[in-house]
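A quick write-up on the structure given underneath.
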Amino acid sequence: TGVIRTALHNMDREAREHYSVVIQAKDMAGQVGGLSGSTTVNITLTDVNDNPPRFPQKHYQLYVPESAQVGSAVGKIKANDADTGSNADMKYTIINGDGSGVFSISTDKETREGILSLKKPLNYEKKKSYTLNIEGANTHLDFRFSHLGPFKDVTMLKIIVGDVDEPPLFTMPSYVMEVYENAKIGTAVGTVMAQDPDAANSLVRYFIDHNTEEDRYFTIDASTGTIKTAKTFDREETPWYNITVAASEIDNPGLVSHVPVGVRILDVNDNPPELAREYDVVVCENAKPGQVIQTITATDKDNSANGARFHFSLDEGLSLNPNFTLRDNEDNTASILTRRRRYSRTSQDIYYLPVLISDGGVPPLSSSSTLTIRVCACERDGRVRTCHAEAFLSSAGLSTGALIAILLCVVILLAIVVLFITLRRSKKEPLIISEEDVRENVVTYDDEGGGEEDTEAFDITALRNPSAAEELKYRRDIRPEVKPVPRHHPSSSLDSIDVQEFIKQRLAEADLDPSVPPYDSLQTYAYEGHRSEAGSISSLDSATTHSDQDYNYLGDWGPEFKKLAELYGEIESERTT
């Protein structure tokens, strides 16, 4: 059948893992002359967990500086196992020792190593070494080979703590100090303390980290660590300050440690009490004596230890108030009461009541506030109806509707007066009142006349109207402001004056007389002038006279003047005949 079986007992994979076997097959039952064939079979032994883990050494030593960080890995340890795969998996544990609370161990599954980590900070000055018993055990056991066990091993690890120069260590993780708000500059607030944890015990220097504005309110003594005030405080503005104090070794300034310091500002009774708000106090006109019209309260910026109890009273320096009084309710409130019956706005509409408030602090402080009390008209149930001045008009018998009606009447009367004045100003008088004013009259002659030789057709006496010339005419479109200059005429007869001379005289009078029309007025005088010495140049009478003019040259002007040449040629022929 070709079955391959082991020939040795208890074969060990760790001693030899691989085997090679040559197999030969023959026919004819292996007789001579038969044919054969061979092959090689490679055999690999599989692993079983038959080898327990073993530490190479029974004692180990590890150096760890005291400055090692908590949680960091400080060393490794490994137990050997001849098996492979899952048969070699193991787990490391710390079974005893004085360092079991300071160190911890875990297993790296890939490298099968034990990783030693720090659980707590080390301090060389307190403990210089630790001893650990570490066990390494297989996690997958084969009970067929349990007689070969136990499948675990133990070793001892001694850890030496190394001395490192550490920064100073404060005696407390944080500090809380107190100071009164009225403390003077330089007042001691408190002291911080730090020491060098090393064996050298170097001197320590203190300083404040001035990272914020709050740090500038304090100073610290570099040698003693005493914190003092650098500015004055006001608890009502800032009741708490947070600063950071640092400490470093003088021999090694690079090693610095920090600690937070909180400073609480204690209250001092330095703020007098005052009214809690602005009160609008109203008293009704129909108020009765002893009636409470307002309850007031006070407030104090100081804390309850210096201002929780308030006392109210009227100013004792003033005379007894006949109108109002005050009652302290002894619960940090006070009531304002009336002292008489009925108040009238017509006589006095506002009253002022000074109130004195004191607190229960040490020393007690007080302040004075003045309440303004208004007199108002109220309903019977005490509701305020109005406090305005229009109520006085209503009491006099004038309602709002009557006032509006009076105002409308006044507006209508003013509109009528303005309209009347406007119409009066827009009305104008005519410039010419009488038609007898000859300055604007036009004399019309419906007569053609007989030419320059006809001197009888036009009567020049119309321009020489003695009545029109002698009568003084005033302008009626304006009121003359200057007295007109009287006109002086020559005593000679008007018939003997030439028309041209007459016109010059009238022109001079018009220029000098302010009552005559202005320059844009038109004065018309029909004047042709004297008869020309050369006689008339008109052609109206040329047909009746004889002329020696020769019109034969018109024939030389061309065909355009042919008709004119024939016309004058006929006239010339008639003259010769």
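Assorted remarks:
- Relative contact order (percent, whole number), region 274-386, Cα cutoff 8 Å, 6+ residue spacing: 33
- The magnitude of the dipole of region 1-155, with charges of +1 and -1 set on the Cβ of Lys/Arg and Asp/Glu and taken from the Cα centre, is near 380 debye.
- 5 angstrom amide H check on Leu157, placed H, neighbours 5+ away: Tyr60, Leu132, Asn133, Ile134
- Residue by residue, region 19-30 carries 3J(HN,Hα) couplings of 10, 10, 10, 9, 10, 10, 10, 10, 9, 6, 6, x Hz when phi is fed to the Karplus relation 6.51 cos²θ - 1.76 cosθ + 1.60 (θ = phi - 60°); x denotes Gly or Pro.
- In this structure the amide hydrogen of Asp315, modeled in the peptide plane, comes within under 5 Å of the amide hydrogens of Leu356, none closer than 5 places in sequence on its chain.
- In terms of its C-alpha gyration tensor, region 112-213 comes out prolate, because a/c is 1.5 or above and the ratio a/b outweighs b/c.
- Net +/- balance of residues flanking Gly555 in space, Cβ distance below 10 Å, scoring K and R +1, D and E -1: -1
- Ranked from largest to smallest solvent-accessible area, with a 1.4 Å probe on the protein heavy atoms, Asp550, Asp50 come out as Asp550, Asp50.
- Cα gyration tensor shape of region 59-162, rounded if a/c is under 1.5, else prolate or oblate by comparing a/b with b/c: prolate
- From phi via Karplus (6.51, -1.76, 1.60), per-residue ³J(HN,Hα) for region 350-367 in Hz, x at Gly/Pro: 9, 10, 10, 10, x, 10, 9, 10, 10, 9, x, x, 10, x, x, 10, 9, 8
- Environment charge at Thr372 (Cβ cut-off 10 Å; Lys +1, Arg +1, Asp -1, Glu -1): -1
- Accessible area of region 59-162 divided out per residue, in Å², using a probe of 1.4 angstrom: 55
- Charge sum, other residues only, whose C-beta stays under 14 Å from Pro354's C-beta, Lys/Arg counted +1 and Asp/Glu -1: -3
- Cα-centred dipole magnitude for region 126-236, charges only on beta-carbon of K, R (+1) and D, E (-1), debye, nearest 20: 480
- Convex hull volume of the C-alpha atoms in region 169-266, normalised per residue: 78 Å³.
- Filter on Lys91/Lys128; Lys58/Lys127; Lys184/Lys301; Lys119/Lys158; Lys128/Lys152; Lys58/Lys128 - keep pairs with C-alpha separation over 26 Å: Lys91/Lys128; Lys128/Lys152
- Long-range amide H partners of Gln294 with built H, under 5 Å: Ile336
- J(HN,Hα) series, region 499-509, from Karplus relation 6.51 cos²θ - 1.76 cosθ + 1.60, nearest Hz, glycine and proline x: 4, 4, 5, 4, 5, 4, 5, 5, 5, 5, 5
- A simple packing score, the average count of other Cβ atoms within 10 Å per residue, orders the peptides 357-364, 552-559, 229-236 as 357-364, 229-236, 552-559, with the highest score first.
- Placing unit charges on the Cβ atoms of the charged side chains and taking the dipole of region 169-266 about its Cα centre, the candidate lying farthest along the positive direction among Ile185, Ala247, Ala230 is Ile185.
- Given a 1.4 Å probe and the protein chains as shown, Arg383 ends up with an accessible area of around 150 Å².
- Highest average packing first - 36-43, 311-318, 96-103, Cβ atoms within 10 Å: 96-103, 311-318, 36-43
The values are calculated or read from the model by the stated rules, or taken from the named source; none is laboratory data. Being a predicted model, the structure only gives us computed values, none of them experimental. For neighbour counting, all protein chains shown are included, and Cβ atoms are generated from backbone atoms with ideal geometry for every residue, glycine included. For accessibility, only protein heavy atoms count, side chains too; no ligands or nucleic acids. Shrake-Rupley method; radii C 1.70, N 1.55, O 1.52, S 1.80 Å.
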